[in-house]
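Just so you know, all these numbers are worked out from the coordinates, no wet-lab data involved. Remember, predicted model here, so these are calculated numbers, not experimental data. Please note: Cβ atoms are built from the backbone with ideal geometry, for glycine as well, and neighbour counts cover all protein chains shown.
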Amino acid sequence: MTVLKVERVGGLAGFGTPGSRIVSRGQIGLNDLAAHDQKAIEALFDAYKGPQSKGDDSPVRDTFRYRISRTLVGREEVIDVPECDVPASLVQCVKDELI
């Protein structure tokens with residue numbers, strides 16, 4: 001089963017950045033998502049993978065980005081996605097933690 005690891009970074013307070021005292025993260029099984037969310041996740045990995053797509057091209061500043069990772073065939077894939085493109089089911093699995 002593929003597990004998606006999700007981390008919220010950025011925002012006005014710089015969540016998840018070096019020196020931050022708060023991390024926002026969670027994980028969820030891909031099979032635990034509705035079929036339409038699974039398709040949306042696949043589309044995100046297709047759209048945002050590669051060095052040219054960093055997910056920070058939004059004209060809105062100080063917004064959150066989501067770093068989503070998965071392991072397929074022993075290889076980890078990681079994408080950075082603007083908050084506006086992330087399905088609600090992934091946003092809801094993220095919890096804030098003080099470190």
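Things to note:
- Cβ-Cβ distance of T2 and T63, R₀ of 22 Å, FRET efficiency by 1/(1 + (r/R0)^6): the value works out to about 0.20.
- Remark: the L72-A43 segment gains 8.9 nm on full extension, using 0.36 nm per residue and subtracting the alpha carbon distance.
- In terms of the mean number of neighbouring beta-carbon atoms within 10 Å, the peptides 76-83, 92-99, 25-32, 64-71 order highest first as 64-71, 76-83, 25-32, 92-99.
- Spin-label proximity, N31 to the range 64-83 - amide N less than 17 Å from point 7 Å beyond Cα toward beta carbon: 71-74
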